[in-house]
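Report on the structure given below.
The values are calculated or read from the model by the stated rules, or taken from the named source; none is laboratory data. Everything numeric here is computed off the predicted structure, so don't read it as measured data. Cβ placement follows ideal geometry from the backbone for every residue including glycine, while neighbour counts extend to all protein chains displayed. Please note that ligands, DNA and RNA were not included when accessible areas were found on the heavy atoms of the full protein model with its side chains. Shrake-Rupley method; radii C 1.70, N 1.55, O 1.52, S 1.80 Å.
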Amino acid sequence: MNCKELISDRIKDFVREYQKREYIQTSFGEPLVGIADAFEPEIQGLREVIGSSHVLPQDILPDAKAVIAYYVPFTEELALSNSAAGPASPEWARAYEELNYMFADLNSELLEYISSLGEDFTAAISHAASEFDQTELVSNWSHRHMAYAAGLGTFGINNMLITECGCCGRFNSIVTNLGPELLPPDRPMETELCLYKLDGSCGVCMANCPGGAIHPEESDKFGAGFSRDKCYEVCLANAARYPVPDELAPSYAAIGSEVCGKCITGSPCAFRNYR
């Protein structure tokens, strides 16, 4: 039994139905789902790439065998609302919080669903993903790097992961002990989707960044060539403008919606494989 299709359908159905909830104002596109081998070198090496405190799948689930990564696209209408110069749009900030709220509910359902597949099957989420280090400006669980290992895309010079249907959206992931016989792993994508990295023909995200944070001359395959402090300064300014709505308030402390998105809303790679 290949469970990837079952789990993919579960994710797509959940996102579709979630948009019908009374307090949800945002529309989302159809999710993409990828599977990474939990022992994939691109995952096991993340402590060297991101930091020594980055959590590995086996830290969350001792018998972890796979990481299920998924991408939820935004719509072109939402991107248009955030395309003008200046602060992030209120619609963009709202969408960010609605997805945070949805991710928690969806992951809970996925954990329950995987457990229902057999008495020995289990899954877990990494709480480190929401524990953002405001000094080092990194998360100790990178959904984007998990998605990269799961073959969902390649990194642009803005450190965003570009999928076959674009980069204007967000990622999440869970860990499971379902083995490769049930969840055959995907492989990291070899085709470069960032036009700047491919042949230097783009750079729109660099021009659109209000903080001047993107430095492609320093970029590696993970798009690490940008200034985290400059990016975060812009996000904090937007957080001061947009408090988290009461109905979407997370369980952890939040000063506001730490968003920007200017580098992914007006770029050629926002919504499609443009080549």
**Asked** Leaving out ligands, DNA and RNA, what percent of the accessible area of the chain is carbon and sulfur, probe 1.4 Å?
**Response** 49 percent
**Item:** Rh (Kirkwood; distinct C-alpha pairs) - the stretch 16-130, Å
**Value:** 16.6 Å
**Complete:** Once normalised by the length of the stretch 106-234, the mean sequence separation of its alpha carbon contacts under 8 Å that are 6 or more apart gives a contact order in percent of 24 percent
**Message:** In Å², and per residue, what accessible area does the chain have when probed at 1.4 Å with the other protein chains present?
**Reply:** 46 Å²
**Request:** Any chance you could give the angle, 0 to 90 degrees and rounded to 10, that helix 228-241 forms with the longest Cα principal axis of the chain?
**Result:** 80 degrees
**Prompt:** In debye, nearest 20: dipole of the stretch 34-122 around its Cα centre with unit charges on the Cβ of K, R (+) and D, E (-)?
**Reply:** 280 debye
**Asked** Do you know the relative contact order of the chain, to the nearest whole percent, from alpha carbon pairs under 8 angstrom that are 6+ apart?
**Response** 24 percent
**Prompt:** In the chain, which cysteines lack any other cysteine Cβ under 4.7 Å from their own?
**Reply:** Cys3, Cys165, Cys167, Cys168, Cys194, Cys202, Cys209, Cys231, Cys235, Cys260, Cys269
**Message:** With θ taken as phi - 60° and the coefficients 6.51, -1.76 and 1.60, list the Karplus ³J(HN,Hα) couplings across the stretch 15-28 in order, rounded to whole Hz; mark glycine and proline as x.
**Reply:** 4, 4, 6, 4, 5, 8, 5, 4, 8, 8, 9, 9, 9, 10
**Rh (Kirkwood; distinct C-alpha pairs) - the stretch 109-233, Å** = 16.3 Å
**Asked** Count the lysine pairs in the chain that are 8 or more places apart or on different chains: how many have C-alpha atoms under 20 angstrom apart?
**Response** 6
**Message:** Output the 0 to 90 degree angle, nearest 10, between the alpha-carbon long axis of helix 90-116 and the longest principal axis computed from the alpha carbons of the chain.
**Reply:** 10 degrees
**Helix-only [θ]222 nm of the chain, DSSP H runs n ≥ 4, -39500 (n - 2.57) each, per residue, nearest 500** = -9500 deg cm²/dmol
**Asked** What do the square roots of 5 times the Cα gyration tensor eigenvalues come to for the stretch 67-126, in whole Å, largest first, as semi-axes of the equivalent ellipsoid?
**Response** 34, 10, 8
**Request:** List the longest stretch of the chain that has no exposed loop site; here a site is one of the GluC sites (Glu not before Pro) assigned by DSSP to anything other than H, G, I, E or B, with at most 10 other Cβ within 10 Å.
**Result:** 23-118
**Complete:** Quick calc, the chain, dipole around Cα centre from Cβ unit charges on Lys, Arg (+) and Asp, Glu (-), nearest 20 debye, gives 680 debye
**Request:** Using the Karplus curve 6.51 cos²θ - 1.76 cosθ + 1.60 with θ = phi - 60°, work out ³J(HN,Hα) for each residue of the stretch 52-62 in order, rounded to whole Hz, and write x for Gly and Pro.
**Result:** 5, 8, 5, 7, 9, x, 6, 6, 8, 9, x
**Asked** Between (i) 28, 22, 18; (ii) 37, 19, 17; (iii) 34, 23, 19, which matches semi-axes √(5λ) of the Cα gyration tensor in Å calculated for the structure shown?
**Response** (i)
